[in-house]
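The values are calculated or read from the model by the stated rules, or taken from the named source; none is laboratory data. Bear in mind the structure is a predicted one, so any value in this text is a computation, not a measurement. We place every Cβ from the backbone using ideal geometry, glycine too, and count neighbours over all the protein chains shown. Side chains included, ligands, DNA and RNA excluded: accessible areas come from the protein's heavy atoms. Shrake-Rupley method; radii C 1.70, N 1.55, O 1.52, S 1.80 Å.
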Amino acid sequence: MIRAAEPADLVIIGAGIMGAATACFAAAAGLSVVVVERGSIASGTSSRCEGNLLVSDKELGPELELARYAQNVWRQDLAEHAGVWEFESKGGIIVAENEASATALTALAEHQRGLGIEVELLPDIADVRRLEPYINPALAGGAFYPEDAQVQPVLATHHLLKLARENGARVLTRTPVLAIETAGGRVSGVRTPDGVIGAGAVINCAGAWASDVAALADLDLPVLPRRGFVLVTEPVPVTIHHKVYSAGYVGDVASSDAGLQVSPVVEGTPSGTILLGASRERVGFDERFSMEAVSRIARAGIGLFPALADLRLLRTYSGFRPYCPDHLPVIGPDARLPGLWHSAGQEGAGIGLSVGIAKLLTQALQGEETDLDLAPFRPERFEGKLAA
């Protein structure tokens, strides 16, 4: 039986992929780690998403740099585990629905290419159909991003925690955090129903619920839930080879609109099922089924691949992306309370960014210079500002 009172160098709140990756890297670096999870492993957003590892949809700036860094961690540092979590370097295709969209996509792709991102312009729909034969021939072209990839997020979360345990990390599930403990003006641990776990550092990896954890320390962290639905079809022979989405998806990711937004994202899986997304809306933690969202996703997906109209849906599921008003995650130490750290607000990019963030946080926790500057992601940057 693990005693909650055993102290640690680091307590991580949350056993989704962000907490799991952080535990993996921190434990491998020799830190004593306790992961505390109020539910079960990957019971939140990590089990209710598609597992994207994308560079194509990132806004130019710090998040794009972080996405490229994380890609290297997945592909190099963790390459030996790729088969365990079904890493697929499938590439992504953004398609334009009309000539105006094609012109804007060309400009974006050319700019990204100038930053070193691999991108191949597909100026005619015939070029797209060579890669995706079943795509709608009425579309206006696209762009291919070979760096875009995919993992199975639940497998990744569980295996990262397995690696952490092999280096001494302890994982406490069904253990809610009741309070952030402080002493001498800094964090000293967390209180759970089983007692206090002493620690010199606490990292808030609670995803869409990160603001609730920050509130335990009387701090404001404007991480808000943004609900999204995914549709799953019956298994079929491989017909879709890449992640395919409309140029409108990039705009929806960058939008702060609270209303329902739907832009088609379609991809196949190793099991033969096809996943269709994506919707975004800010409705709090409302878990109710939305026929409007699901219907619009289905229609949008058929708009990309008309043959999908003949398939049956097996199920739908929804989850809450952790959204920040400025579309940048909160990563690093919180200057308002020494010893408290955050890794949250990654919205739909959390799976892809997780291992890169974990490596950077481990460097920072050890007092090392980080491979990327974390200043743009500082948690206290919203202080005195009204969240959108």
Residue that is modelled with the highest pLDDT, among those in the range 321-361 that are polar (S, T, N, Q) and closer than 22 Å to GLU88 by Cβ: SER354
What do you reckon, is GLY350 under 23 Å from GLY284 (Cα atoms) and either part of a helix (DSSP H, G or I) or over 21 Å from the mean Cα position of the chain (by Cα) (or both)? yes
Could you list all residues from the range 270-282 that are surrounded by fewer than 22 Cβ atoms within 10 Å (Cβ to Cβ) and over 17 Å from GLN150 (Cβ atoms)? GLU281, ARG282
Would you pick out the residues in the range 353-369 that are open to solvent by 10 Å² or more (accessible area, probe 1.4 Å) and farther than 15 Å from ALA201 by Cβ? LYS359, GLU369
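From GLU120, GLU147, grab the single residue that is charged (D, E, K, R) and out of contact with any helix residue (DSSP H, G or I) (no Cβ under 8 Å at 6 or more places or on another chain).
Working: GLU147 fails: out of contact with any helix residue (DSSP H, G or I) (no Cβ under 8 Å at 6 or more places or on another chain).
Testing whether each residue is charged (D, E, K, R) and out of contact with any helix residue (DSSP H, G or I) (no Cβ under 8 Å at 6 or more places or on another chain) leaves just GLU120.
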Scanning the range 302-324 residue by residue, those open to solvent by less than 30 Å² (accessible area, probe 1.4 Å) and within 22 Å of the chain's Cα centre (by Cα) turn out to be SER318, GLY319, PHE320, PRO322, TYR323, CYS324
Please go through the range 246-269 and give me each residue that is open to solvent by 30 Å² or more (accessible area, probe 1.4 Å), acidic (Asp, Glu) and at pLDDT 90 or above, ordered by number. none
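Being free of Cβ contacts under 8 Å to residues at least 60 places away in the same chain, acidic (Asp, Glu), under 23 Å from ALA23 (Cβ atoms) and open to solvent by 40 Å² or more (accessible area, probe 1.4 Å), is that true of even one residue in the range 374-381? Break it down into steps so the answer makes sense when it comes.
So the first thing to find is which residues in the range 374-381 are free of Cβ contacts under 8 Å to residues at least 60 places away in the same chain, and the list is 374-375, 378, 380-381.
Next cut, acidic (Asp, Glu) only: 380.
Subset that is under 23 Å from ALA23 (Cβ atoms): none.
No: the range 374-381 contains no residue that is free of Cβ contacts under 8 Å to residues at least 60 places away in the same chain, acidic (Asp, Glu), under 23 Å from ALA23 (Cβ atoms) and open to solvent by 40 Å² or more (accessible area, probe 1.4 Å).
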Residue set VAL154, VAL202; condition touching a residue at least 60 places away in the same chain (Cβ under 8 Å) and touching a Phe, Trp or Tyr at 6+ places or on another chain (Cβ under 8 Å); output residue VAL202
Restricting to the range 283-300, name every residue that is more than 14 Å from GLU234 (Cβ to Cβ) and crowded, with 18+ Cβ neighbours inside 10 Å. SER290, ALA293, VAL294, ARG296, ILE297, ALA300
In this structure, is LEU337 touching a strand residue (DSSP E or B) at 6+ places or on another chain (Cβ under 7 Å), over 30 Å from PRO376 (Cα atoms), open to solvent by less than 40 Å² (accessible area, probe 1.4 Å) and hydrophobic (A, V, I, L, M, F, W, C)? no
